[in-house]
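Just so it is clear, none of the values below were taken in a lab; they were calculated from the coordinates. Here the structure is a predicted model, which is why all the values come from computation and not from measurement. Neighbour counts run over all protein chains shown; Cβ positions are idealised from the backbone, glycine included.
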Amino acid sequence: MPFSYERTIHFADTDAAGVVFFANYLAICHEAYEESLAASGIKLGEFFRSNAVIVPVSKSEADYRRPLYCGDRVRVTLSPKFLSDNTFEIRYEIERLGETEKNAARLRTEHVCIDSATRARRAVPGPLSDWLKANGA
């Protein structure tokens, strides 16, 4: 089942024009990703420090549909999916909340699991695999 995370857009998220800076959409999505992992019981600091596998973003894309401003309340819904035994994607929908909910952006990140020492591809680690299975669309 997809995971949803709500937050308020902060002044620090915006640029000189007063709208969310394009790169901050990815930061907001990554925040939702971390919250989803934590909600599934993964202790983030422990997982990333003690695991011999690292999980960098290998690709990202975004479709900015409506501007977001400081004070806007948003919901980020994420849907992860296996792409292979060592890669997965996360699709994000950012909705501006209010009287009428409006889709503000659609983003996608692709992640690859690699050995922290050799940089060779490794299978998605157990806790992350469990998270993918529980939250996948």
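What is the set of long-range amide H partners of residue 65 at a cut-off below 5 Å, with H atoms built 1.01 Å from backbone N?
Amide H to amide H, under 5 Å and 5 or more residues apart or across chains, residue 65 pairs with 105, 106.
Report the gain in length on full extension from residue 16 to residue 117: 0.36 nm times residue separation, minus Cα-Cα distance, nm rounded to one decimal.
Gain in length upon complete extension: 32.3 nm.
As a check on your grasp of the helix formula, calculate [θ] at 222 nm for the chain: sum -39500 (n - 2.57) over DSSP H runs of n ≥ 4, divide by the residue count, round to the nearest 500.
-8000 deg cm²/dmol
Against the longest principal axis of the chain, how steep is helix 22-39, in degrees 0 to 90 to the nearest 10, with axes from Cα atoms?
Helix 22-39 sits roughly 50 degrees off the main axis of the chain.
So, R0 is 25 Å and r is the distance between the beta-carbons of residue 70 and residue 108; what FRET efficiency does that work out to, to 0.05?
E between residue 70 and residue 108, to the nearest 0.05, is 0.45.
Net charge near residue 54: determine it from the other residues with C-beta under 12 Å of the C-beta of residue 54, scoring Lys and Arg +1 and Asp and Glu -1.
Its environment carries a net charge of +3.
Output the peptides 20-28, 62-70, 105-113 sorted from most to least packed, where packing is the average of other Cβ atoms within 10 Å over each peptide's residues.
Ranked from most to least packed, the peptides come out as 105-113, 20-28, 62-70.
Can you give the alpha-carbon Rg of the chain over 2.2 N^0.38 Å, where N counts its residues?
For the chain, the normalised Cα radius of gyration is 1.10.
Between helix 126-135 and the chain, what is the angle of the helix's C-alpha long axis to the longest principal axis, kept within 0 to 90° and rounded to the nearest 10?
40 degrees
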